[in-house]
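All remarks here apply to the structure that follows.
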Amino acid sequence: MARNGRRYDNGAKLNMKKVIGVLIAFILIIACIWGIIKMLNNDSKSIAGKIENVYYYTIYDSGKWGVIDSYGKEIVKPDYNEMIVVPDKSQDIFVCTYDVDYGNNEYKTKVINSKGKEIIKGYNKVEAIANYDKNKNIWYEKNVFRVEKDGKYGLINYSGKKLLDPTYNSINPVYGVENSLIIEKDRKIWTL
């Protein structure tokens, strides 16, 4: 008797080889789909882990200065006439200059965080110490601010801990050399 493509033989039984083949193919397809989904979830987690670090950048918009993060979110609204200094792009610490009197070369500064809260107080000025290399590329000394109080200078770290009391006549960088400062007091000069 000719089968002519029938699935059943004369006794109306299932062809077990074909049924098992279809089941194995179905299981393999599900396993492949599950593996692809698992792989995509792991990739998205690793990408999210890489983007976890937020960096901060100064922006200039409509004649004013502000700060955005690495996602493009506005952190400090562009309201400042002077450039905001971001001394360490991985930390939410921003030095803002305001009330500038160009005639007398006087100005005020404040250090704020990403929430706009002033985080270092008690000084007339707080400044990031700018340094540059032979190609005039600017960087800021790491984890240290120069502070001015009553005409004298000192040093604090980014969290406001006092490193040097404000009793010095001047504190300036050794240009082109990282982590080196020239400190002057009572006509005596030291390098730090």
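The values are calculated or read from the model by the stated rules, or taken from the named source; none is laboratory data. Source: prediction; values computed, not measured. Note: ideal-geometry Cβ built from the backbone for every residue, glycine included; neighbour counts use all protein chains shown.
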Show the residue pairs meeting these rules: Cβ distance below 6 Å; 6+ apart or different chains; first residue within the range 110-133 and at negative phi; second residue assigned to a loop (DSSP other than H, G, I, E, B) and of a type in the set (D, E, K, R).
Asn113/Asp92; Ser114/Asp92
Got a sec? Which strands (runs of 3 or more DSSP E) wholly within the range 48-88 have at least 1 residues that are outside the structural domain of Thr109 (by TED's automatic domain parsing) and touching a Gly at 6+ places or on another chain (Cβ under 9 Å)?
56-61, 74-80
Pick from the range 119-146, criterion over 15 Å from Lys162 (Cβ atoms) and of a type in the set (Ser, Thr, Tyr), ranking: nearest to the chain's Cα centre (by Cα)
Tyr140
So Ile189 ticks every box in (1) within 30 Å of the chain's Cα centre (by Cα); (2) part of a strand (DSSP E or B); (3) on the phi < 0 side of the Ramachandran plot but one. Which box is left unticked?
(1)
Check whether at least one residue in the range 157-172 is over 21 Å from Pro87 (Cα atoms) and among the hydroxyl-bearing types (Ser, Thr, Tyr), and report yes or no.
yes
Just to verify a result, which residue in the range 114-157, among those that are of a type in the set (Ser, Thr, Tyr) and over 25 Å from Lys77 (Cβ atoms), is modelled with the lowest pLDDT?
Tyr132
Can you confirm whether Asp79 is in contact with a strand residue (DSSP E or B) (Cβ under 8 Å, 6 or more places away or on another chain), surrounded by 14 or more Cβ atoms within 10 Å (Cβ to Cβ) and of a type in the set (D, E, K, R)?
no
Of all residues in the range 97-151, which are assigned to a loop (DSSP other than H, G, I, E, B) and of a type in the set (Asp, Glu)?
Asp133, Asp150
Looking at the structure I just gave you, is Val177 of a type outside the set (Phe, Trp, Tyr) and at pLDDT 95 or above?
no
